[in-house]
Amino acid sequence: MTSSFRRGRSRPVRSHRSVRVAHAVLGGTAGFVWLVLPGMTSTAGAPVAGTAPQSVSAAAPEDDETSTADLVLPLLAVGAAGALAGYGYVRRVRRARTRTTPGGGLPRPASPETAPPAPPPSGPDAQARTALTGADNRLRAARDELGFAEALLGAEAVAPYAAAVREAEAELTAALRMRWSYDAGVPSEPAARRHTLAGIEGRCAEAVRRLDTASGALGELRWAGQGLTAAVGLAEARFRELTGRTAAAQARAADVEARWTGVAVTADVERAKDRLLSASERLNRARQADDSGHLEEAVRHLRAAEGAIAQAAVHLATVDRTAADLREAADLLPAALTDAETELTRIRTTTTAHDATPDTVLAAVRQELTSGHPYDPLDALRRLVTAAGPLTSDRPGVLNAAEALLARTSLARAEAHIDTHRGTVGATPRTLLAEAHHVPPLQADDLARQIL
């Protein structure tokens, strides 16, 4: 299988290429000097193995030295060029053979975009953070695998694994809520805080244990008989379906960015293409390993491919969802603005105190709405409901709908961000996201936006 995205893949950064060339030239030159230098520095009187003594004239040493020096620079140039060419060839071969989707080791599913190995954490607090991050990544990878397994085997066959995923979610949610309280200073006693950290680690370990136990049984179902071949075929079909959606997503992203100010979604399309390119390479390797009877290698590549495909799907879905959310916000904004202005007028007639700030915000939003120029309807809606917030606790229905839309949009974006950057996102954003699901809409919107 080949990918249409290979031609569009960005070239390496020029500075990185310069560094590699400099290293290659330096290495080749040093190696060549090491080979040539003994001949340059040996004297006539030094013993040389396998060489019979010869009589030389007094002028011979000077002639030999001059002759050698004349040859050194050309030889060094040739040697350096050869070393550079050889190094470039080796690098190309090595990159072609080792390009991978990060993660994907057995027996666990792949976790794309994994960060480079970090030094072991020190101290209970750091260990608890690492446990949260690892368990959350494991759960996200398990959800990816469950989706492919259910599509292949059916919901009934994978029900035990689905139950394990739900149980792991419950354990992790409890651990994240404990972490939220801990970061807020609850409990305050040192002994109780140490106990809380230990409890967080314990729940994370239990979540991973449940997933690992169920994963073994699921693997037996997926790879039994011709299961691996069928799983590769299913992943290839999903790959082709997503590949076919990229052109439409590209056009939609361009339209969104041209129509609305401050909205950027083209990067999601490019990231989707990159993940699909990685999936294509992994699927090829999985198919080759399967044909050769190397089951473990085939499973490793397939899981990495499935992870990359799942990531691509998230990026493409982000483009579609953002376009839909912007349209909904733009449709809702006029009615929300009218309700906010009506509410502000009512408040003025019932109290002598008056804050001019809401008036200023509402006037600015109306100006954006009627100017005919591009604007960000979600941002305008957020400013509107925030300004109208202190006016009354009994909001009109449109303002409630606006708050719900903002919270839903921000939560979805934060979820997608962590899912597609899971290798570089730490425990704090995951804790914020978990807490955002348990607070009122405006607060949820605020917590989720801190992640982005």
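The values are calculated or read from the model by the stated rules, or taken from the named source; none is laboratory data. As the structure is a prediction and not an experimental result, all values here were calculated from the model. Here the Cβ positions follow ideal geometry from the backbone for every residue, glycine too, while neighbour counts run over all protein chains shown. We work out accessible area using only protein heavy atoms, side chains counted, and drop any ligands, DNA or RNA first. Shrake-Rupley method; radii C 1.70, N 1.55, O 1.52, S 1.80 Å.
Normalised size of the stretch 167-255, defined as Cα radius of gyration per 2.2 N^0.38 Å with N residues, equals 1.79. In the complete set of protein chains, residue-level accessible area for residue 213 is approximately 90 Å², probe 1.4 angstrom. With N the number of residues in the stretch 296-352, Rg(Cα) / (2.2 N^0.38 Å) evaluates to 2.33. With all protein chains in place and a 1.4 Å probe, the accessible surface of the stretch 328-452 carries 55 percent carbon and sulfur.
Under the Kirkwood approximation applied to all pairs of distinct alpha-carbon atoms, what is the hydrodynamic radius of the stretch 327-431 in Å? List each step's numbers first, then the result.
Values: mean 1/r = 0.0655 Å⁻¹.
Answer for the stretch 327-431: a Kirkwood hydrodynamic radius of 15.3 Å.
Each residue of the stretch 158-163 is assigned a 3J(HN,Hα), and the resulting list reads 9, 4, x, 5, 4, 5 Hz, derived from the Karplus form 6.51 cos²θ - 1.76 cosθ + 1.60 (θ = phi - 60°), x at Gly and Pro.
Couplings 3J(HN,Hα) of the stretch 398-414, computed from phi: 5, 5, 4, 5, 5, 4, 4, 5, 4, 5, 4, 5, 5, 5, 5, 5, 5 Hz, in residue order, whole Hz [Karplus 6.51 cos²θ - 1.76 cosθ + 1.60, θ = phi - 60°; x for Gly and Pro]. Placing R0 at 56 angstrom, the Cβ-Cβ distance between residue 234 and residue 370 gives a FRET efficiency of 0.65 after rounding to 0.05. Remark: the residue 198-residue 421 segment gains 77.6 nm on full extension, using 0.36 nm per residue and subtracting the alpha carbon distance. Accessible surface of residue 173, taken over heavy atoms with a 1.4 Å probe and every protein chain present, rounds to 60 Å². Taking label points 7 Å from Cα along the Cα-to-Cβ direction, residue 284 and residue 226 give a separation of 2.6 nm.
Taking every protein chain into account, the 1.4 Å probe leaves residue 161 with about 10 Å² of accessible area, to the nearest ten.
In this simple spin-label approximation, residue 155 and residue 205 carry label points 7 Å from Cα along the Cα→Cβ vector, and these lie 3.6 nm apart. Extents of the stretch 228-371, taken as max minus min of Cα coordinates on every principal axis and listed largest first, are 82, 28, 19 Å. A simple rule links phi to the HN-Hα coupling: the Karplus curve 6.51 cos²θ - 1.76 cosθ + 1.60 with θ = phi - 60°, which for the stretch 137-148 gives 4, 4, 5, 5, 5, 5, 5, 4, 5, 4, x, 5 Hz, with x for Gly and Pro. Of 136, 212, 291, the order by accessible heavy-atom surface (1.4 Å probe, DNA, RNA and ligands excluded), from most exposed downward, is 291, 212, 136.
For the full complex of protein chains and a 1.4 angstrom probe, list 315, 195 by accessible area with the highest value first. List each step's numbers first, then the result.
On the way: 315 5, 195 140 Å².
Largest to smallest exposure gives the sequence 195, 315.
Taking the mean number of other Cβ atoms within 10 Å as a proxy for protection, how do you rank 298-304, 226-232 from highest to lowest?
Numbers: 298-304: 25.4, 226-232: 17.1.
Listed from highest to lowest mean packing, they are 298-304, 226-232.
Note on residue 166 and residue 400: the extension gain reaches 81.2 nm, defined as 0.36 nm multiplied by sequence separation minus the Cα-Cα distance.
So what is the accessible area of the stretch 138-209 per residue, in Å², with the probe set to 1.4 Å? Don't jump to the answer; show the numbers that get you there.
Working: 3400 Å² over 72 residues.
So the stretch 138-209 comes to 47 Å² accessible per residue, rounded to a whole number.
For residue 254 and residue 428, a Förster radius of 35 Å and the Cβ-Cβ distance give a FRET efficiency of 0.55, rounded to the nearest 0.05. Near the amide H of residue 423, within less than 5 Å, lie the amide hydrogens of 115, all on another chain or at least 5 residues away, with H placed in the peptide plane.
What residues have an amide H closer than 5 Å to that of residue 375, excluding those fewer than 5 places away on the same chain, when H is modeled at 1.01 Å from N in the peptide plane? Those lying under 5 Å, H to H, from residue 375 are 261. Potential lengthening of the chain between residue 217 and residue 383 amounts to 54.7 nm, from the contour at 0.36 nm per residue minus the alpha-carbon distance. Across the stretch 150-301 the C-alpha pair distances fall into 10 Å bins from zero in the proportions 10, 22, 22, 25, 17, 4, 0 percent.
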